[in-house]
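Just so it is clear, none of the values below were taken in a lab; they were calculated from the coordinates. Remember, predicted model here, so these are calculated numbers, not experimental data. Because the Cβ atoms are built from the backbone with ideal geometry, glycine has one as well, and the counts that use them run over all protein chains shown.
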Amino acid sequence: MNETIRELLGRVGGLPVPVTEIADDADLYAAGLSSFASVQVMLAIEESFDIEFPDSLLNRKSFASIKAIEETVAQIIKSREAA
Amino acid sequence: MDMQTSFLDRLFDAGLLIDTGVDGLYGRSGQFEEVIAAFERLIDKVGGADGAEAMRFPPGMNRAFFEQSGYMKSFPQLAGTVHSFCGSELDHMSLLKCMEVGEEDWTKDQQATDIVLTPAACYPLYPTVARRGKISAKGALYDLQSYCFRHEPSKDPARQQLFRMREYVCMGTEQHVTDFRQSWMDRGVEMMKAVGLDVTIDVANDPFFGRAGKMMVNNQRDQNLKFELLIPITSTSNPTACMSFNYHQDSFGTKWGLNLEDGSVAHTACVGFGLERIALALFHTHGLDVNEWPENVRATLWG
């Protein structure tokens, strides 16, 4: 999952630095992720993982770091399996 | 809805607003305009000493700047573009025939011009300032007013499609522009009190489009980027935003290349007055005849 998220982030995140230079727990907004780019990342993740972010997870916190994105995606997949 | 319709009907009956047959597109009477003029003088009195540079743009803006602004990313549903007939004499004949028959949409061959309707008074400002070069270390302040267009037909007289927005826009450091925004939040409350209006201030968001917009909304609210000054007009439970206080962080600075003398990207903030909404709040609160308004309100506006 980490690899896929990094690939999507690199493709649509519009970051000024290569994703390989960003640590899993680094602040993506500080690294240059704009509000609009975070929306693009969200849409790309939904398509790639075939999931839908519930409104409650559509916020800055969910996209604050690569680790945060991983945890959010894992949470959505888990709740879908539970349902 | 009933209450909204009835206030709109009362405004029509009193002649303050003039029905054009299109929801949200109204004429204004002399008295309505006099209230707006008086409130604008009050704005001048409160903000004048700040020494803002005044600029007035027509209600249309350069389409290239509009495209660069990213407005279509966030609010495609609200935008209005200007299209014109650009055809030959033969095209003109078929256009007239099409209009006469009325079966087909005669506007389908109209072509986009270089003009887009201004969505907010400050939109033409950023590229204008960017062309001038670096911004003084002391920051910069601008005073704008324009008719603005938003495609949202409604029977709520406080939601018009063509309305006037008066704005102050501040550019500078984060501290400078957030101080500017806070000072206008305080001033706004005082001004509305002085004209007898009951206000609250609350965190707010712009009407971003679609599901992606939901995330923009959450981001905007989480970061307290937008506040609105709310006044009951057509509903007490859902009061109307009559002023907004927006902190754009460095997003416009980055987008338009607005830099301070030290080379850092300028932060920007703007404060907007919805002039028709303020006039409507005054008419709703104090009655449709300005001669009957409380003496202290009249003194503040016309004293």
17 Å Cα-Cα reach of A:LYS67 towards lysines, excluding residues that sit fewer than 8 places from it in its own chain: A:LYS78
Partners for B:LYS45 among lysines (Cα-Cα distance below 21 Å; same-chain residues under 8 apart left out): B:LYS193
q = 0.07, 0.08 Å⁻¹: log10 I(q)/I(0) that the Debye formula gives for the protein assembly as shown, counting C-alpha atoms only: -0.40, -0.52
Long-range amide H partners of B:ARG28 with built H, under 5 Å: B:ILE18
Among B:GLY263, B:GLY21, B:GLY70, residue whose mean-square fluctuation peaks in a GNM of chain B (springs only between Cα atoms under 10 Å): B:GLY21
Eligible lysines near B:LYS108 by straight Cα distance, threshold 23 Å, same-chain separation 8 or greater: B:LYS97
Over the range A:2-82, relative contact order from alpha-carbon pairs under 8 Å, at least 6 apart, %: 34 percent
Calculated Rg and Dmax of the range A:7-57 using C-alpha coordinates, Å: 11.2, 30
Ellipticity estimate at 222 nm from DSSP helix runs (n ≥ 4, -39,500 (n - 2.57)) divided over chain B, nearest 500: -12000 deg cm²/dmol
Loop GluC sites (Glu not before Pro), the range B:29-107, which have at most 14 other Cβ atoms in a 10 Å radius of their Cβ (DSSP): B:GLU103, B:GLU104
Qualifying trypsin sites (Lys or Arg not before Pro) in the range B:1-69, DSSP loop, other Cβ atoms within 10 Å at most 16: B:ARG56
Top of B:ALA279, B:ALA269, B:ALA112 by mean-square fluctuation, Gaussian network on chain B, Cα under 10 Å: B:ALA112
Net charge contributed by nearby residues that have their C-beta within less than 10 Å of B:ASN218 (K/R +1, D/E -1): +2
With eigenvalues of the C-alpha gyration tensor scaled by 5 and rooted, chain B, Å: 32, 29, 18
